[in-house]
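Below is one structure, written out as structure tokens; comments come after it.
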Amino acid sequence: MKSSLQSIADCFKRPWYIFFLAASVMTATTVAGQSKLIPVTTSANALVLQVDSAKDVSIIYFGSKLADTAEYRLLSGSYRQTEDYTNVLNSAYTSSGSRNLMEPAISVEHSDGNHSLDLRYVSHAIRPTDANVTEYIVVLKDPVYDFEVELHYKTYYLQDVIEQWSVVRHHEKGNVVLYKYASANLYLKSTAFYLNQYHGDWAKEMQPEESRITHGIKTLDSKLGTRADLFQPPVFMVSLGKPATEEEGTVLFGALEYSGNFRTDLELDFQDNLRIISGMNNYASPYTLEADHDFTTPGFLYVLSRQGKGHASRQLHAWARQYKLLDGNGQRLTLLNNWEATYFDFNETKLKELLKDTRKLGVDLFLLDDGWFANKYPRNGDRSGLGDWQVNKTKLPNGISTLVKEAEKNKVKFGIWVEPEMVSPKSELYETHPEWIVKQPGRPEHYFRHQLVLDLANPAVQDFVFGVIDTLFTANPGLAYIKWDCNAVIYNAYSSYLKSQGQFYIKYVEGLYNVLARIRKKYPEVPMMLCSGGGGRVDYAALQFFTEYWPSDNTDPLERIFMQWEYSYFYPAIASANHVTDWGKQPIKYRVDVAMMGKLGFDIVVKNLPPADLGFCQQAIRDYNSVKDLVWAGDQYRLSQPRESAVASMLYVSADKAAAVVFSYLVNNRYAQGSLLPIRMQGLDPKAKYRITELSIYPGTQSPIDPSKEYSGEFLMTIGFNPAISTSRTSVVLKVDKLR
Ligand code: GLA
């Protein structure tokens, strides 16, 4: 016991026996009138739970960690706010129907029809997994009903990230109906709170909005079922005191790890404290829970930073790459996609040409998009064929395997698009399996992009969806990439398989995760892009199965600067699939430079490129390959904000500060706009000397950057460096190298 705990303890500079105690289950031992404290800690922060003599568990503090744990006991005397009346205003998991008067985290109907719940402390355990990860589990139980909830707090010490979820179970004599079942219930104190939230639509993802939170409840939610983030993603920021900036201020980033309906309530209560309750949306979902069964909520993820949004995002990136995103520290494939180059209009001859173009361009993989399948109702447009995953014999008489072999001949890899959760009303699947389709009996069908959703709550449908992918791989073992799309929301929610319709939305997502888990068990490595008509399904539960996501169908580079910027607060650059297309009016260099800020891909007609543009792209891809590890694994710093300045500038630096790459773009085309002042870099070694060279140079143009000049890190971070952005030099990529 001692040796493994010793190594964990050494890491935290604490005696090993603390971990011995921590690893065992503890029960409430409240010494006469004295409360018990459970500090849930990370390297910088503490979320302090208190168990009082009545066994109510509350959050008495969430903020900067104090050196002396005993001082948390002084907290209660430090606040002189108005009376609580309930003693559960700051509950760690607010139950409804007893003393509570505010928004609950959980509400239920017991087997006898009673709606009251009161959760009191039973025990807690602290279980370190390794030196960085610890799980705190607090068990709560109703004194009257045989009903319990486990609160789970999983801490990632160095990254300051906490994942929180709940497990609900009961041993009552009949079923219990859960009416609300949040993952987490947080409680914050400050003089003021500012919410930075996001909204969007197709081609308009991740539009930020910041406002001061007023009294009452602000709800961020989705009721779309699939493609759940189309109008609002499950990520947000809350600044404390005043709006945080990139480098300053206290800010909490929150995100529900869930790909279906979500709901986050932010309630500023009558004492001026902020209660945040986040979880699956209970909309149309009273959930029947049988006795002795566990109901586990998704994780709610949060990170608190006192050094602004930049630090919070770097912590989240580090966490995501190490613990969540599939193959987060691995490699990615650059690619050529044919969606915008051909849409549905292609055949084997055309694709063979595109495979040659893939090679010529110098990317790793060719991605065949929508339109390759269905025979009775061929997929020649978006009104037919979904569900019939047989290769279309007219377009591709020799099947996919011929194309995979042709790709091999061209020394590139081959990937393919699927949308296996969906069905077109004009399809054989619709004719043969009407019972697999989500629709209301007796009501007219209503379509989103002319299609319907398959009922993934049904295990037979799960097998079918798994089979779509499995059959592709079995027939084509050389297949190297999947783009998984999801273009429709759920209308007329109803499953002919489920007995209890209140479970539908939840069982759908459970079914989706079952399928993805099966795919990952059999094909753990293959890269998959998470697409949902753009960024309609970007969340951390999905990303544990995917290597990358498609931020938006809007690939106008000017728009993408803004969108990729906002996504980048929550998701690391390695996960962002950025393609160069013909959207927008910007020159090819600008389009390529913007796409480089993540995982580079192309969706253009290579043979239509003028020779200089082609030559530029080929060199830019070589340049990208020389810096991609910095973009994918480096620490990301936002140097100049596109919403505040005419120039957007982003830097990625290696952990050892030996190399960085800086992307700068003109985002305002008015007269004489550009980088009038130098842009201050960050994350470099102040004492080291650096040289700066320009990459991604368009043929025939001269770089004004002198690569022989030396700058100290101190200079570059204090004075800055001017990339010389102007209306005639609208994007610049700089490599910063430490001199050895
Ligand atoms: C969605 C995706 C696009 C493309 C089309 C194909 O809109 O976002 O990238 O794959 O579907 O129909």
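The values are calculated or read from the model by the stated rules, or taken from the named source; none is laboratory data. Quick caveat: nothing in here was measured; it's all calculated off a predicted structure. When we count neighbours, we look across all protein chains shown, and the Cβ atoms used for this are built from the backbone with ideal geometry, even at glycine. Just so you know, the surface numbers come from the protein's heavy atoms only, side chains and all, with ligands and any DNA or RNA stripped out. Shrake-Rupley method; radii C 1.70, N 1.55, O 1.52, S 1.80 Å.
When the Cα atoms of the range 258-374 are aligned to their principal axes, the ranges along those axes come out at 68, 43, 30 Å in descending order. With the highest mean first, a sort of the peptides 687-697, 228-238 on other beta-carbon atoms found within 10 angstrom per residue produces 228-238, 687-697. A quarter of the convex hull surface defined by the alpha-carbon atoms of the range 58-126 gives 6.6 nm² as the mean projection. Taking the square roots of five times each eigenvalue of the Cα gyration tensor of the range 281-330, the equivalent ellipsoid has semi-axes of 33, 16, 10 Å, listed largest first. Averaging the Cα positions of each part gives two centres, and for the range 327-368 and the range 584-629 these lie 14 Å apart.
In terms of packing, defined here as the mean over residues of other Cβ atoms within 10 angstrom, the peptides 387-393, 596-602 line up highest first as 596-602, 387-393.
In terms of overall dimensions, the C-alpha atoms belonging to the range 154-209 reach 49, 35, 27 Å along their principal axes, ordered largest to smallest. Extents of the chain, taken as max minus min of Cα coordinates on every principal axis and listed largest first, are 83, 70, 54 Å. Pairwise Cα separations in the range 416-512 fall into 10 Å bins from 0 onward with the following percentages, short to long: 15, 48, 29, 7, 1.
Normalised size of the range 315-382, defined as Cα radius of gyration per 2.2 N^0.38 Å with N residues, equals 1.54. Which lysines, on any chain, are close to Lys309 with Cα under 23 Å apart, when same-chain ones fewer than 8 places away are left out? Straight-line reach from Lys309, under 23 Å: Lys65, Lys154, Lys189, Lys204, Lys218, Lys242, Lys324, Lys599, Lys657. Extension gain, Ala672 to Arg80: 0.36 nm times the residue separation minus the Cα-Cα distance gives 207.6 nm. A straight Cα-to-Cα reach below 17 Å connects Lys352 with the lysines Lys360, Lys393, Lys395, Lys405, Lys409, Lys411, Lys413, Lys607, residues fewer than 8 places away in its own chain not being considered. The range 172-226 and the range 112-169 have their alpha-carbon centroids 21 Å apart.
Accessible-area rank, largest first, for Thr264, Thr250: Thr250, Thr264, with all protein chains present and a 1.4 angstrom probe. Rounded to the nearest 20, the Cβ-based charge dipole of the chain about its Cα centre (Lys and Arg +1, Asp and Glu -1) stands at 1760 debye. Legend: translational diffusion of the range 358-439 by Stokes-Einstein, Rh = Kirkwood radius over C-alpha pairs, 37 °C, 0.692 mPa s; D = 236 µm²/s. What would the Debye formula give as log10 I(q)/I(0) at q = 0.21 Å⁻¹ for the alpha-carbon point model of the range 202-333, no solvent? Computed log10 I(q)/I(0) values: -1.40. Summary of the geometry: the range 384-423 and the range 440-460, compared by the centres of their Cα atoms, lie 25 Å apart.
Computed over the chain, relative contact order equals 9 percent, with contacts defined as Cα pairs under 8 Å that lie 6+ residues apart. Of the two radii for the range 141-292, the radius of gyration is 1.00 times the Kirkwood radius, both from the alpha carbons; that is the Rg over Rh value. Cross-link partners for Lys173 among the aspartates and glutamates, with Cα-Cα distance under 17 Å and sequence neighbours closer than 8 places in the same chain left out: Glu109, Asp112, Asp142, Asp146, Glu148, Glu290, Asp292, Asp294. Among Leu252, Thr718, Leu89, pick out the residue whose Cα is farthest towards the positive end of the charge dipole of the chain, where Lys and Arg carry +1 and Asp and Glu carry -1 on C-beta, about the Cα centre. After comparing all options, I get Thr718.
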